[in-house]
Structure formats: C-alpha cells, structure tokens
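> One structure follows; several queries about it will come next.
Values quoted throughout were computed directly from the atomic coordinates according to the rules given, and no laboratory measurement underlies them. In this text the structure is predicted, and so the values were computed from the model without any measurement. Please note: Cβ atoms are built from the backbone with ideal geometry, for glycine as well, and neighbour counts cover all protein chains shown.
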Amino acid sequence: MSTPETDQVTVRRAPRIPAFLFVGGAVGVIVTLVLTSLYPADPAVGFAALFAYFALYGITGGVVLGAVVGIIVDRVSSRRAKTVTVEHVTESDAE
C-alpha cells in the first residue's frame, strides 16, 4: 500500500553565476582591446605587452561587474519564487 506525504517547496529559476563571470571577463578583454588600440603604444614596450598588462585590470573589472549583475539577477529571481505543494509517495513492498 502506498502512503502519500505532502510537502511545501519553493520553486524558482536561478541564474548560473559562472556564466555571468565568464561573459564579464570576455567583455573586459574586449573593452581593454578597444581602449588599448585607441592610443599609440610605446615602441619600447610594444602593443602586446601593453595589452596584456591592461587586460589584467580589464578581466578583473569585467568579472566583478559580471558577479554584481549575476547577484542582482539572482535576487530578482528569488522574489519571483513560487511555493507549491508536492506529493511524495512511498511504495511498501508487497509480500
């Protein structure tokens, strides 16, 4: 014989924070590339070294910005959470 048990659970759609971090880092690299390309590079240093140096800051800033956006989206999604009733049925072995 089966015995149903009901329970209240909260259902919501949660964002994937690593995706926000990755996209933020990628945007940081692109912004760094554009900003580094706008100004002439020092011939003693070179463009690649200058870009790599500033990319450290661009990636870090992009990841932080992506994390902030991900946290904001997570807060908004938690407000839209719904409580539903679920039924858990356990079957007993018939002998």
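> I'd like to check something: does the stretch 66-85 contain any residue that is part of a strand (DSSP E or B), of a type outside the set (S, T, N, Q) and surrounded by fewer than 14 Cβ atoms within 10 Å (Cβ to Cβ)? Steps first, please.
Let us first name the residues in the stretch 66-85 that are part of a strand (DSSP E or B), namely 82-85.
Restricting the remaining residues to those that are of a type outside the set (S, T, N, Q) gives 82, 84.
When the remaining residues are screened for being surrounded by fewer than 14 Cβ atoms within 10 Å (Cβ to Cβ), the result is 82, 84.
Taking every residue of the stretch 66-85 in turn, at least one turns out to be part of a strand (DSSP E or B), of a type outside the set (S, T, N, Q) and surrounded by fewer than 14 Cβ atoms within 10 Å (Cβ to Cβ).
> Moving on to the next point. Determine which member of the set Val63, Val45 is assigned to a helix (DSSP H, G or I) and surrounded by 10 or more Cβ atoms within 10 Å (Cβ to Cβ). Give the steps one after another, and end with the answer.
Details: Val45 fails: assigned to a helix (DSSP H, G or I).
Going through Val63, Val45 in turn, just one is assigned to a helix (DSSP H, G or I) and surrounded by 10 or more Cβ atoms within 10 Å (Cβ to Cβ): Val63.
> Please determine, by comparing only the residues of the stretch 1-38 that are in a loop (DSSP other than H, G, I, E, B) and not basic (Lys, Arg), which one is nearest to Ser92 (Cα to Cα).
Keep residues of the stretch 1-38 that are in a loop (DSSP other than H, G, I, E, B), which gives 1, 12-16.
Add one more test, that the residue is not basic (Lys, Arg), and what stays is 1, 14-15.
Values: Met1: 6, Ala14: 35, Pro15: 38 Å.
Step by step, filter the stretch 1-38, then rank; the result is Met1.
> Oh, and also: List the pairs whose first member sits in the stretch 50-63 and is touching a residue at least 12 places away in the same chain (Cβ under 8 Å) and closer than 11 Å to Ala26 by Cα, whose second member is surrounded by 18 or more Cβ atoms within 10 Å (Cβ to Cβ) and of a type in the set (S, T, N, Q), and whose Cβ atoms are under 7 Å apart, counting only residues at least 6 apart or on separate chains?
Partner pairs satisfying both residue conditions: Ala55/Thr32; Gly58/Thr32.
> Here's another thing I want to ask about it. Please find, within the stretch 1-25, the residue that is farthest from the chain's Cα centre (by Cα) out of those that are small (Gly, Ala, Ser) and surrounded by 15 or more Cβ atoms within 10 Å (Cβ to Cβ). Break it down into steps so the answer makes sense when it comes.
Kept after step one, since they are small (Gly, Ala, Ser), are these residues of the stretch 1-25: 2, 14, 19, 24-25.
Now narrow it down to the ones that are surrounded by 15 or more Cβ atoms within 10 Å (Cβ to Cβ): 24-25.
Numbers: Gly24: 9, Gly25: 11 Å.
Top of the filtered list is Gly25.
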